[in-house]
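Shown next, in structure tokens, is the structure this report addresses.
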Amino acid sequence: MGFTGQDIVVGYDDTTASMAAVHWAADLARSTQSGLHLVHAWTWPLLGQGVTGIPVLDPTGPRNQAMRLLDDAAERIALRFPEVTVTAELLQGMPREALEEISERTDLLVVGTRGLGAVMGTLLGSVSRGILHDAGCPVAVIRSDQHRAGPVLAAYDGSEAAGEAVDEAADLAAAWAAVLRVIHVRSGSHAPSSGGAEVWRAGSRSRGVLEEGAARAAARHEGLEVQARMIEDRTVAEGMLSAATGARMLVIGHRGLSRGAFGSTAHAVVLHATGNVAVVRPAKRE
């Protein structure tokens with residue numbers, strides 16, 4: 001299961017970016033009849049230590065404050081989205097490890113992009129790269145909960161991960177009654193320079209890949225409007241970013257045809273996108 005499963009988890013820490021992620025996830029939960037689970041990573045504050053190295057600051061106060069922060073957010077969301085079952089959980093440990101652990105037992109992990117502070121860390125720094133590298137489920141990186149127009153985009157290059165991205169994007173588009181646009185990017189480095197028959201063959205291969213992705217999406221949901229677009233740009237990442245302008249969501253695989261666990265293209269897209277991006281990862285759970 002993926003975006004339209006029964007469990008959507010959001011990392012929350014009382015920032016504007018984090019609250020946008022919560023609102024986006026609650027809207028998706030309402031559209032897909034899913035449950036919403038807010039989590040907050042918390043560690044013991046070591047503001048003072050005795051001579052033996054044992055913390056002298058009682059963690060009860062800060063822990064209770066963190067739990068109140070989480071409960072208040074859950075109550076606000078429950079009032080705004082009464083159709084959604086909202087739960088909250090305080091996770092003990094460092095953010096990256098806590099989010100990775102919970103990702104292995106959920107269907108979608110949703111995070112914001114900026115201002116995650118001392119508790120959650122800077123998302124598009126080491127914490128986010130770690131989450132995107134090791135998560136056991138799809139990860140949605142949300143910049144705004146206001147992107148409600150435009151199509152859902154799925155980037156497809158023929159790889160297994162890209163096929164999973166097409167499936168998840170189709171599920172999203174169907175849940176939102178939105179158009180699904182499947183894109184295939186031909187980068188400048190892959191465009192043959194000799195011309196003639198070689199150019200034609202390369203273009204034919206690319207068109208075949210694009211048609212394959214669009215057909216996969218159309219077969220996923222009857223009645224879903226699927227568009228196919230060939231994109232040419234200097235790099236695959238730049239082509240994706242350009243195509244995603246005005247889109248409701250861009251869905252990509254965690255890696256393409258490369259062998260790396262988390263591809264450089266995927267990382268560049270997540271880092272530089274101005275809209276919402278979802279990275280589809282294979283589930284680690286049975």
**Study point:** Sites THR245 and ALA177, calculated FRET efficiency, Cβ-Cβ separation with R0 30 Å, nearest 0.05
**Key:** 0.90
Review point. Which value, in debye to the nearest 20, gives the size of the charge dipole of region 64-103 about its Cα centre, when Lys and Arg are +1 and Asp and Glu are -1 at the Cβ?
Key: 180
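Each value in this text was obtained by applying a stated rule to the coordinates, not by laboratory testing. Everything quoted here is computed from the prediction, not taken from an experiment. Cβ atoms come from the backbone with ideal geometry, glycine included; neighbour counts cover every protein chain shown.
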